[in-house]
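First the structure, then my questions, so here it is.
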Amino acid sequence: MVKSIQYKLILIYVLLLLFAFQVLGVFLIQSLENYYLAEFKDGIKSQGQLLSSFVSRHLYEKEYDITTINQLVREFSQPITMADIYIISNSGIVVSASRGKERYVNTRVVQHEVTRAIMGTPGEAVRPNPETGSRDYFYATPVFYEQSQVGTIYIVASLISVDNTLAKVRNILIIGTLSTMLLTAALGIFVAKTITQPIEDVTQKAEAMAKGNYEGKIAIKSDDEIGQLGSVFNYLAEKLEESIGEISDQKNKTEAILQNLTDGVVAFNKDGDVIHQNPLIEKLLATKDSSKLREILLYDEKNLADLLKNEDITQKQREVNGKTLLLNYVTFSSEHGSSGLIVVVNDITQREQLEYMRRQFVADVSHELRTPLTSIKSYVEALLNGGIEDREISEKFLRVVEDETQRMVRMVKDLLMITRLDYNKESWHYGTIDMEEFFESLTFKVLPQLDDKNQILTKDIEKNIPIIRGDIDKLQQLFINLLTNASKYSPEGNQIKTIVKRYGNDSISIVVEDKGIGIPKEDLPRIFERFYRVDKARSRELGGTGLGLSIVKQVVDGHRGHITIDSEEGKGTSVKVILPIAPAVEEDV
Ligand SMILES: Nc1ncnc2c1ncn2[C@@H]1O[C@H](COP(=O)(O)OP(=O)(O)O)[C@@H](O)[C@H]1O
Ligand SMILES: [Mg+2]
């Protein structure tokens, strides 16, 4: 491409030169020929005139002196004129001929220029001579003596000297043209290079730019149009690099934002084709396939059209793969006329679950509180309806009322604890705890309850058990709950064991074991749920609230610990609490 410009330029130079030389050559050669020919003719004509003046008198005489005439003819021909000369009589017969042409004497000459001269006017002609390969000049002039024609002089001269001169000039011209053309071509390559090289540079640079490489500048070697092209191009490259840099910065920012969004984002064009999606989408919808996304998020054509018409945010809730998703649709349109729909997908599964649990909890609490209240109400009514008269009955009824009230108080206390733990309102007071001391004071607190049922509590605490860090009040609450359960759900006179051991390098384990009624296998997984009881009536009878184990679980979690329950129906239950010696928790002061 670039090469061809170079060659085109050279071709133009050479053709221009050729044309110029051609015109010049034709003109020059023509002029030279005219000049030489005229000169030559003039020479021959004047020789002819001179000869005519000499021979006219001799031709006039009746018996002319042929010897003198021959003499004159010979003198005038070679070497003076280098021409053949003939004297022709009025009847057209050669009378005398120059040396070498004597054979033509007494022959008739019929050339038209001769005929013309015989008739009285000089004639001339130029004709090629096949013998010499050159041209001959023929000149015939009448000879007059005392106003009457006495004969004709006919001169035939070779134009070989003129033709040779012209041929030489022509050769010089051809050689000159050719060498000038060669020189021009050579110069042309150089000159054209100075034009094409910068263009080639610009082309290469443009190609590099197309591939994203903006480095390097075009060297500006001149101040002409090509130099200007180069500098404009450099400026263009600089600006382009700047703009592209800005655009890619912007793009990276947007990309980073989209990548790190905690919501899924998909952008559709107005035909419903996916034009962008962030990585979270695949996680939320378990697919990144465009047509699937379209199906899940846009449903169908009609829905897409409706969504595109709406200028406000449209929200929809959908269950996808067991997740509850909130889909927020908002339309967009750019200056360039493209428009479409952006869908922001929020995973609200947890929010929904929490909401559900909160509602369930409120329902459970109301239900749990209604039972004791109903029974209090009915006993109080019975008392008011005359029961109060009977001292024995009223005492019995009031005791029930007291029991129920106490149970409610316990429940409200537990509930308060649970909600405070739930909302992180409960402050934690970490301190050092010595297990020996801890169980000493614990036993003291649960002893009355155990004594009621003649139960014995044994302690087996490993020697040199490390002192741990924990919230002593909450841990006490935890083990009171466990020991109370062990006592409640095992028969009178039974033994309850507590075993405290090291557990691994950084924890201790505390096991509370009873030989009571045990927990059915199918109930074990739900045992930590709020208000969950294996046997509601029995729990109630025993003053339970169904909140004890859920508090236990929360306290263990708060200490970054672990709890497991092993139980067999009718055989007994073993609860194992593992507590880290130094829990990694942020401590409230
Ligand atoms: N040591 C145990 N032996 C048998 N059953 C138990 C034991 N501990 C807990 N349970 C069962 O787990 C249920 C939940 O216990 P908890 O949350 O403390 O509530 P409750 O107020 O009923 O004691 C109890 O109702 C009981 O059915
Ligand atoms: Mg309990």
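Could you tell me which of rounded, prolate or oblate describes the range 161-263, using a ≥ b ≥ c as the square roots of the eigenvalues of the alpha-carbon gyration tensor, with rounded for a/c under 1.5 and, failing that, prolate when a/b is larger than b/c and oblate otherwise? Intermediate results must be reported in sequence, preceding the final value.
Working: a/c = 8.48, a/b = 5.15, b/c = 1.65.
Verdict is prolate for the range 161-263.
Accessible area per residue for the chain in Å², computed with a 1.4 Å probe and the full protein assembly in place, what is it?
Numbers: 35510 Å² over 589 residues.
Ligands and nucleic acids excluded, the result is 60 Å² per residue.
In addition: Within a Cβ distance under 14 Å of R410, other residues only, what is the Lys/Arg minus Asp/Glu net charge? Intermediate results must be reported in sequence, preceding the final value.
On the way: positive: R407, K413, K488, R540; negative: E368, E402, D403, E404, D414.
Here the charged neighbours net out to -1.
Based on the Kirkwood radius over alpha-carbon pairs, what value in µm²/s does the Stokes-Einstein equation return for the translational diffusion coefficient of the range 214-260 at 20 °C and 1.002 mPa s?
In µm²/s, the coefficient is 171.
Here is a follow-up. Kindly provide the pair-distance distribution of the range 2-167 built from C-alpha pairs, with 10 Å bins from 0 and whole-percent values in order of increasing distance.
Computed distribution, short to long bins: 10, 33, 25, 12, 8, 6, 4, 2, 0.
For q values of 0.17, 0.21 Å⁻¹, compute log₁₀ I(q)/I(0) with the Debye formula on a Cα-only model of the range 429-580, without solvent.
After summing over all Cα pairs, the log10 values are -0.99, -1.51.
Viscosity 1.306 mPa s, temperature 10 °C: give me the Stokes-Einstein translational D for the range 529-583 in µm²/s, with Rh taken as the Kirkwood radius over C-alpha pairs.
Details: Rh = 12.7 Å.
Estimated diffusion coefficient is 125 µm²/s.
My understanding is that a pair violates if its Cα-Cα distance is over 22 Å; which of K474/K571; K459/K576; K211/K288; K497/K536; K292/K316 do that in this structure? Let's see the in-between values first.
Working: K474/K571 29 Å; K459/K576 14 Å; K211/K288 30 Å; K497/K536 26 Å; K292/K316 18 Å.
Correct reply: K474/K571; K211/K288; K497/K536.
Also, I was wondering about something else. Scan around I508 for amide H atoms under 5 Å from its own, H built in the peptide plane at 1.01 Å from N, and keep only partners 5 or more places away or cross-chain.
HN-HN under 5 Å from I508: Y503, L579, I581.
Ok, one more. Considering amide H positions built from the backbone, and no H for Pro or chain starts, which residues 5 or more places from Q455, or on another chain, come under 5 Å of its amide H?
G493
Please report the projected area of the chain's Cα convex hull averaged over all directions, in nm².
Working: hull surface 254.2 nm².
Orientation-averaged projected area of the Cα hull: 63.6 nm².
State the answer as a single residue: which of F233, I257, Y214 lies farthest towards the positive end of the charge dipole of the range 214-260, with beta carbon charges of +1 for Lys and Arg and -1 for Asp and Glu, about the Cα centre.
Highest projection toward the positive end goes to I257.
Let me ask something else. Within the chain, which whole H helices from DSSP have a Cα span along their axis of at least 18 Å and a mean Kyte-Doolittle hydropathy of -1.0 or more, if any? Before the final figure, lay out each step's value.
Working: long enough: 2-60 (84 Å, 0.73); 160-210 (71 Å, 0.73); 225-260 (51 Å, -0.53); 349-384 (51 Å, -0.48); 391-422 (45 Å, -0.34); 435-452 (25 Å, -0.12); 472-488 (23 Å, 0.12).
The qualifying helices are 2-60, 160-210, 225-260, 349-384, 391-422, 435-452, 472-488.
Rounded to a whole number, what % of the accessible area of the chain do carbon and sulfur atoms account for, probe 1.4 Å? Don't jump to the answer; show the numbers that get you there.
On the way: 19840 of 35510 Å².
Carbon-and-sulfur percentage of accessible area, whole number: 56.
List the aspartates and glutamates whose Cα lies under 19 Å from the Cα of K217, skipping any in the same chain that are fewer than 8 positions away.
List returned: E200, D201, E207, E225, E238, E241, E242.
Give the separation of the Cα centroids, the range 528-584 to the range 303-349, in Å.
Centre-to-centre (Cα) distance: 45 Å.
Per DSSP H run of n ≥ 4, the term is -39500 (n - 2.57); total these for the chain, divide by its residue number, and report the mean residue ellipticity at 222 nm rounded to 500 deg cm²/dmol.
On the way: 14 runs with 309 residues, N = 589.
Result for the chain, helices only: -18500 deg cm²/dmol.
Between I313 and E352, what FRET efficiency comes out of the Förster formula 1/(1 + (r/R0)^6) with R0 = 25 Å and r the beta carbon distance, rounded to 0.05?
Working: r = 20 Å, r/R0 = 0.79.
Efficiency computed from Cβ-Cβ geometry: 0.80.
Which value, in Å to one decimal place, does the Kirkwood hydrodynamic radius take for the range 205-348 when every pair of different Cα atoms is included?
Values: mean 1/r = 0.0548 Å⁻¹.
Computed over Cα pairs of the range 205-348, the Kirkwood hydrodynamic radius comes out at 18.2 Å.
Give K425/K553; K8/K168; K413/K521 a once-over and call out the pairs whose C-alpha atoms are over 27 Å from each other.
Details: K425/K553 17 Å; K8/K168 33 Å; K413/K521 30 Å.
Too far apart for the 27 Å limit: K8/K168; K413/K521.
If N is the number of residues in the range 325-402, what value comes out of its Cα radius of gyration divided by 2.2 N^0.38 Å? The partial results should precede the final answer.
Numbers: Rg = 29.3 Å, N = 78, 2.2 N^0.38 = 11.5 Å.
Normalised by 2.2 N^0.38 Å, the Cα Rg of the range 325-402 equals 2.54.
Taking the DSSP beta bridges in the chain as the whole, what percent of them are antiparallel, to the nearest 5? Don't jump to the answer; show the numbers that get you there.
Working: 78 of 84 bridges.
So the antiparallel bridges amount to about 95 percent of the total.
Can you tell me how the range 489-554 classifies by the Cα gyration tensor, rounded, prolate or oblate, using a/c under 1.5 as the rounded cut?
Details: a/c = 2.27, a/b = 1.44, b/c = 1.58.
Here the range 489-554 falls in the oblate category.
How big is D, in µm² s⁻¹, for the range 405-453 by Stokes-Einstein at 20 °C and 1.002 mPa s if Rh is the Kirkwood radius over C-alpha pairs? Don't skip to the end; give the middle numbers.
Numbers: Rh = 13.5 Å.
The estimated diffusion coefficient comes to 159 µm²/s.
In whole Å, what are the Cα extents of the range 378-501 along the three principal axes, biggest one first?
64, 40, 19
Take each of the peptides 247-255, 303-311, average the number of other beta-carbon atoms within 10 Å over its residues, and list them starting from the highest. Please list the in-between numbers first.
Numbers: 247-255: 10.8, 303-311: 14.2.
Most protected by this proxy first, the peptides run 303-311, 247-255.
Starting from the 7 Å offset along Cα-to-Cβ, what nm value, one decimal, do you get for the label separation of R103 and R170?
3.1 nm
The values are calculated or read from the model by the stated rules, or taken from the named source; none is laboratory data. Keep in mind that this is a model prediction, so the values were computed, not measured. FYI the Cβ positions are ideal-geometry reconstructions off the backbone, even for glycines, and counts take in every protein chain you see. Accessible surface areas use protein heavy atoms only, side chains included; no ligands, DNA or RNA. Shrake-Rupley method; radii C 1.70, N 1.55, O 1.52, S 1.80 Å.
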